[in-house]
1. Taking segment 1-28 on its own, how many of its residues are surrounded by 15 or more Cβ atoms within 10 Å (Cβ to Cβ) and either in contact (Cβ under 8 Å) with a residue 40 or more places away in the chain or not in a helix (DSSP H, G or I) (or both)?
2. Regarding residue 54, is this residue at pLDDT 65 or above, exposed (fewer than 11 other Cβ atoms within 10 Å of the Cβ), out of contact with any strand residue (DSSP E or B) (no Cβ under 9 Å at 6 or more places or on another chain) and of a type in the set (Phe, Trp, Tyr)?
3. Could you list all residues from segment 34-51 that are over 16 Å from residue 10 (Cα atoms) and either over 15 Å from the mean Cα position of the chain (by Cα) or modelled with pLDDT of 75 or more (or both)?
4. Answer yes if at least one residue in segment 70-80 is of a type in the set (Ser, Thr, Tyr), assigned to a helix (DSSP H, G or I), over 26 Å from residue 9 (Cα atoms) and modelled with pLDDT under 75, and no otherwise.
Amino acid sequence: MSNRIVRTNKQLAAERQIHAAIVHFRTANFECAISLCSAAEGQMPEPDEVTHFFAILKKASAANPPPEGRRKISIRRDLDETRVGCGRC
């Protein structure tokens, strides 16, 4: 056994878990990656400004809501309408 002393705290431990999770993800050890990410979740302080893409899109869509009366897009209905006159359906 080594006499090495490792100084750590929650943030450093979470960073190590995230880096290890990335390594496991790249080698297709998905269960390990998920477990390590779950362990690190909530240990790191939240950034002052949102930097991940989904949150940026969510914020942008909240700031620019669709106009009133705009119908929801139905891909299935739109495809059915396209097929009606194509001669193959």
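The values are calculated or read from the model by the stated rules, or taken from the named source; none is laboratory data. Predicted model only: the values in this text are computed from it and were never measured. Using ideal geometry, Cβ is built from the backbone for each residue, glycine included, and neighbour counts are taken over all protein chains shown.
1. So the count comes out to 0.
2. Here the answer is yes, as residue 54 does meet what is asked.
3. 34, 35, 48, 49
4. Checked against the condition, which is being of a type in the set (Ser, Thr, Tyr), assigned to a helix (DSSP H, G or I), over 26 Å from residue 9 (Cα atoms) and modelled with pLDDT under 75, segment 70-80 yields no hits at all.
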